[in-house]
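Report on the following structure.
The values are calculated or read from the model by the stated rules, or taken from the named source; none is laboratory data. Nothing here was measured: the structure is a model prediction, and the numbers come from that model. Please note: Cβ atoms are built from the backbone with ideal geometry, for glycine as well, and neighbour counts cover all protein chains shown. The protein model used for the area step is the full one, side chains on, heavy atoms only, and it has no ligands, DNA or RNA in it. Shrake-Rupley method; radii C 1.70, N 1.55, O 1.52, S 1.80 Å.
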Amino acid sequence: MIRALPLLCLLAASCAPVAEGPLIPAPAGSAQISSENTAGLAGTAYRDNILMRFEDAENRYRESVLRSGAGEETSDVLLAENELYLALNKSNVGERELAEALFGPPRAVIEARGTVVAKVKADVLYAQHRLNGGDAAGAANAADLAIERGEAALAAAPDSDDAAVATASAARGRITPEVSALLNDAGDGDADELAIGRLSTRQRLQVLVAQSHYAKAAAIQAGVSGDAQTELAAAEELLDETPSTTALWLRAEVARLSAVERERAEGVSAADAEVAKVVDLTRRYAANERPEALAQLERGRVFVEQGRTSEAIAAYNRALDILARGGRGVGFDELAPYLNLLAEEPSSDERDSAVFLAMQQLRSPVTSDTLARLAARLAAGDGETGQAIRALQDSERETNQLEAQLDLLTTAQVRDVHAIDIARSKLIAARESVAAAEVAVAANAPNYEQIQDRSLGLDQFREVLRPGEVFLQVRIGRTGGVVMAITRDSFALKPVDANLAQTEATVQKVRSSIYRRTFNVPAVRQLYVDFFEPVAAQIAASDTIIYVPDGPLLSLPAGILVAKDPTAWAPGSLDYTSVPWLALEKAVSVTLSASSFYQLRNAPASAATEVFRGFGDSIPTGAAAAPEIARNRSAPDGCVGLFSAIGQLARLEGTAEEVRRLARITNAGADSVVIGRAFTDVAVKADDLSDARILHFATHGLLPVSSECLPEPSLVTSFGGEGSDGLLEAGEIVELKLDADLVVLSACETGGRGATSSVGTGLSVAGGEALSGLVRSFFYAGARNVVASHWEVPDAETVALMESLYGEVAKGKTPNEAMRTARARLAANPSSSHPFFWAAFSIIGDGGRGSDAGPASSASTAQPASNAG
């Protein structure tokens, strides 16, 4: 019997991992936003935007929209402009589908009643959104429309007469005054010169048309036909007609694209002056901020390619000094030249510390931030400080949920004005709750903000590594990658030839062979050679690997890799007992970043008094309950078919005995077992799970399907109780209050992607990458380690694996050591030696943490249960 629903994979289009989204920084404090007057919100938000503080900007634009919707005096066109910027910020952080929908209504308002300035602005912001999504043709079309409109208006008023420009270009309806602060972003020294209102309408229009030419040039560089340099020259000419301190960010961007053109045409040396100009401009408007860091990274790359090593290192160090203060990281490709440069140098304290700092800026998915926040709560304990932190995190999560709900309401084809007003009121109240919670945390935990994914020192990190452990981090880019290995007394950084496309192809070969009798052993051997062989010395000297995977590697358990040439295995043989799997040689666990691992290792152990709580043997709801489930979920009638299919999943009867045996192994009482009709979603949510050190769920696992029917990953439960739907979703899991050392998800695809909306969980959308779904939700709820699966798992062998795992934990082994032994028992049997039977599960968190499961009982040596079916 398989603990999965293949139908859901088909409906979801693919069970493969999706590219990860960018990491989102901590939002601006609600108390700070509340203290700003409405007039200042848009200007501050704009500045946040150009400083690439996208979530801060989103919060302020949304607050401005909320206040307008609550009755403040605001023109509909200005409100629409704020909505446009809100949409663009959604696009900037990777929520492209939602951003596309959010752009629609305000663009329609501006098209009907806006001035030409507003229309050009709407077109150029939409062009930027299309560029974010990789749609160069769509971006070029929007930019062309903006250029056509803007240049026609400028030609109609050559004497710079604002009234003439407005009259010549106005559509029907009244003309709304512009807020020129939205286009002024001078540095502090230029603030007086560019006070609100200093730019004329013509100058604002010139800046916007220049921005349109810039967007067109970017689209050309991305593959659209045209002459990028001509567009950039037009942009520069327009900007030259405005004050020199106007739109410094745009001047920097134009210089950046010009550098690309020069380098393509004449070589890297020709780009030097333009790149230096970019750095100078960004330091004028964004000193010590992310835009300067990115400019310094580009300057460092140019220096590397020119052979100017010392200057390159200085530029990279400047960038890393800025990035290390927290917030969004950068992609591997931006740091690859620097890391390759350092890889050529011999190991030293200075070099190794520089490498470790740089690798920490290549941040993992947002799940690592969830781990860091969990660690802060655990460190604070259950007292007033811990409760204040949890209250703040829950308030922030509720705010995210309400924002996502409001987005859905405002992008609906038919707007429910009453529902929108209610959602706005709830969101305003939620923001007030966040502000109050921030005050409480500031009083109880003044260093709380430091728990973001901040950078650690190498010596500081090494303190938590134990003898025999190696911390291994992989990063992959367009042209190659690197692997870093750290032990208590050694350090290695090695370049990797395999690039992202090659790795994706190899991983796909592996995953496509999971369900075939002939497993692709050469492919997993190649992955080991690519990413682990370069640091073979550190691996050989260790017995435990703490692994930080990247990109497509997130969708495979590291233990499935082949550590040596499989010379004893005959290609094509269905007996895999002679294959030297990494999982049999080393204990392996997954973590998401150096910071999250460090904080988890330092977090206190569970204070729960019960050893174990297990759930299993859910009773299928059948097809008849599907309409009621749809009603309970407020789902459309079209979802009934899906709920009917879920309700007809096979009953996993063997999981009842699985949970009973695990309770006996851990010496837990009979009341620790919740099976059959007692295992409902309502019962789980009502249960006090904070008193269990180990939680075990043996059931079907479901991936997200659609935003209307099943938008979140879920565990299947029995159906019963008021409001039950027979599903324990990610959004319900985050509401649980756990204090667990270990949560085991003995189900299928539980290490898969998360939801595409924040409506359910209230957690920032992670872009659908592996480990972003159920795993992240259980971490938020309070789990220190989660055992999750990467594919559909067989019932009988999973029971055997779990019994071995718990038996070894009961003997005092850490989870990753116990998993190594459990895997080995199955892999040694020819009938279960195929990785499908033993390799699906990964331990995520800190698998080196023990869990006091009590002494082993006689049940720990029992034979595996036999499941029906």
Q: Check off (1) in contact with a helix residue (DSSP H, G or I) (Cβ under 7 Å, 6 or more places away or on another chain); (2) free of Cβ contacts under 8 Å to residues at least 40 places away in the same chain; (3) of a type in the set (A, V, I, L, M, F, W, C); (4) within 25 Å of Glu100 (Cα to Cα) for Ile420 and give me the number that stays unchecked.
A: (2)
Q: Look through Arg299, Arg284, Arg290, Arg325 and report the one residue that is open to solvent by 20 Å² or more (accessible area, probe 1.4 Å) and within 18 Å of Met359 (Cβ to Cβ).
A: Arg325
Q. If you scan region 628-667, which residues turn out to be without any contact (Cβ under 8 Å) to a residue 60 or more places away in the chain and in contact with a strand residue (DSSP E or B) (Cβ under 8 Å, 6 or more places away or on another chain)?
A. Ala656, Val659, Arg660, Ala663
Q. Restricting attention to region 395-415, does a residue exist that is closer than 30 Å to Thr487 by Cα and in contact with a Lys or Arg (Cβ under 7 Å, 6 or more places away or on another chain)?
A. no
Q.
Just to verify a result, which residue in region 386-433, among those that are among the β-branched types (Val, Ile, Thr) and farther than 13 Å from Leu66 by Cβ, is least open to solvent (accessible area, probe 1.4 Å)?
A. Ile389
**Q.** Among residues of region 539-556, those that are under 15 Å from Ala587 (Cβ atoms) and either buried (at least 21 other Cβ atoms within 10 Å of the Cβ) or of a type in the set (A, V, I, L, M, F, W, C) (or both), counted
**A.** 8
Q | Residues within region 110-152 that are farther than 22 Å from Ile220 by Cβ and either open to solvent by less than 40 Å² (accessible area, probe 1.4 Å) or in contact with a strand residue (DSSP E or B) (Cβ under 7 Å, 6 or more places away or on another chain) (or both), tallied | A | 8
Q | Tally, over region 454-489, of residues that are within 23 Å of Asp530 (Cα to Cα) and either touching a Gly at 6+ places or on another chain (Cβ under 6 Å) or open to solvent by 60 Å² or more (accessible area, probe 1.4 Å) (or both) | A | 4
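Suppose the filter is in contact (Cβ under 8 Å) with a residue 40 or more places away in the chain, more than 22 Å from Asp56 (Cβ to Cβ), part of a helix (DSSP H, G or I) and touching an Asp or Glu at 6+ places or on another chain (Cβ under 9 Å); does Glu263 pass it? Don't jump to the end; show me each part of the working.
Working: in contact (Cβ under 8 Å) with a residue 40 or more places away in the chain: no; more than 22 Å from Asp56 (Cβ to Cβ): yes; part of a helix (DSSP H, G or I): yes; touching an Asp or Glu at 6+ places or on another chain (Cβ under 9 Å): yes.
No, not satisfied.
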Q) Among the residues of region 520-530, how many are over 20 Å from Lys586 (Cα atoms) and open to solvent by less than 10 Å² (accessible area, probe 1.4 Å)? A) 0
Q | Contacts under 7 angstrom Cβ, first residue in region 76-92 being assigned to a helix (DSSP H, G or I), partner of a type in the set (Ser, Thr, Tyr) and surrounded by 24 or more Cβ atoms within 10 Å (Cβ to Cβ), 6 or more apart | A | Asn82/Tyr61; Asn82/Ser64; Tyr85/Tyr61; Leu86/Tyr61; Asn89/Tyr61
Q. Just for helices (runs of 4 or more DSSP H) wholly inside region 612-725: which have at least 2 residues that are surrounded by fewer than 17 Cβ atoms within 10 Å (Cβ to Cβ) and of a type in the set (Gly, Ala, Ser)?
A. 640-647
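Mind telling me which of the residues Leu23, Leu78 ends up being of a type outside the set (Asp, Glu) and modelled with pLDDT of 50 or more?
Leu78
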Q | Residues satisfying the stated conditions in region 557-585, i.e. buried (at least 24 other Cβ atoms within 10 Å of the Cβ) and assigned to a loop (DSSP other than H, G, I, E, B) | A | Pro557, Leu561
Q | Conditions (1) outside any helix (DSSP H, G or I); (2) over 24 Å from Leu131 (Cα atoms); (3) of a type outside the set (S, T, N, Q): number failed by Val224 | A | (2)
(Q) Against the condition assigned to a helix (DSSP H, G or I) and under 20 Å from Ala824 (Cβ atoms), how does Ile539 come out, does it pass? (A) yes
Q: Could you grab me the full set of residues in region 604-629 that are over 22 Å from Leu745 (Cα atoms) and out of contact with any Asp or Glu (no Cβ under 7 Å at 6 or more places or on another chain)?
A: Pro604, Gly622, Ala623, Ala624, Ala625, Ala626, Pro627, Glu628
Q) Is there a residue in region 299-321 that is part of a helix (DSSP H, G or I) and in contact with a strand residue (DSSP E or B) (Cβ under 9 Å, 6 or more places away or on another chain)? A) no
Q.
For region 838-853, check the following and say yes or no: at least one residue is open to solvent by 10 Å² or more (accessible area, probe 1.4 Å), part of a helix (DSSP H, G or I) and under 16 Å from Gly559 (Cβ atoms).
A. no
Q: Could you grab me the full set of residues in region 317-366 that are on the phi > 0 side of the Ramachandran plot and charged (D, E, K, R)?
A: none
Q. Do we have Arg601 as charged (D, E, K, R), buried (at least 16 other Cβ atoms within 10 Å of the Cβ) and within 30 Å of Asp725 (Cβ to Cβ) here?
A. no
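Report the residue count in region 228-266 for those that are of a type in the set (A, V, I, L, M, F, W, C), open to solvent by 10 Å² or more (accessible area, probe 1.4 Å) and under 14 Å from Val209 (Cβ atoms).
3
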**Q.** In region 739-768, residue modelled with the highest pLDDT [restricted to those that are surrounded by 22 or more Cβ atoms within 10 Å (Cβ to Cβ), among the aliphatic types (A, V, I, L, M) and part of a loop (DSSP other than H, G, I, E, B)]
**A.** Ala747
Q | Test for Leu662: is it modelled with pLDDT of 90 or more, more than 30 Å from the chain's Cα centre (by Cα) and farther than 17 Å from Ala740 by Cβ | A | no
Q: Among the residues of region 322-355, write down those that are in a helix (DSSP H, G or I), within 26 Å of the chain's Cα centre (by Cα) and among the hydrophobic types (A, V, I, L, M, F, W, C).
A: Ile322, Leu323, Phe332, Leu335, Ala336, Leu339, Ala354, Val355
Q: List every residue pair whose Cβ atoms sit under 7 Å apart, with the two residues 6 or more apart in sequence or on different chains, where the first one lies in region 271-283 and is farther than 16 Å from Thr245 by Cβ and the second, anywhere, is open to solvent by 30 Å² or more (accessible area, probe 1.4 Å) and not basic (Lys, Arg).
A: Ala271/Glu263; Val275/Glu298; Val278/Glu298
Q.
For the structure I just gave you, tell me whether Ser269 is open to solvent by 40 Å² or more (accessible area, probe 1.4 Å), at pLDDT below 95, not acidic (Asp, Glu) and not in a helix (DSSP H, G or I).
A. no
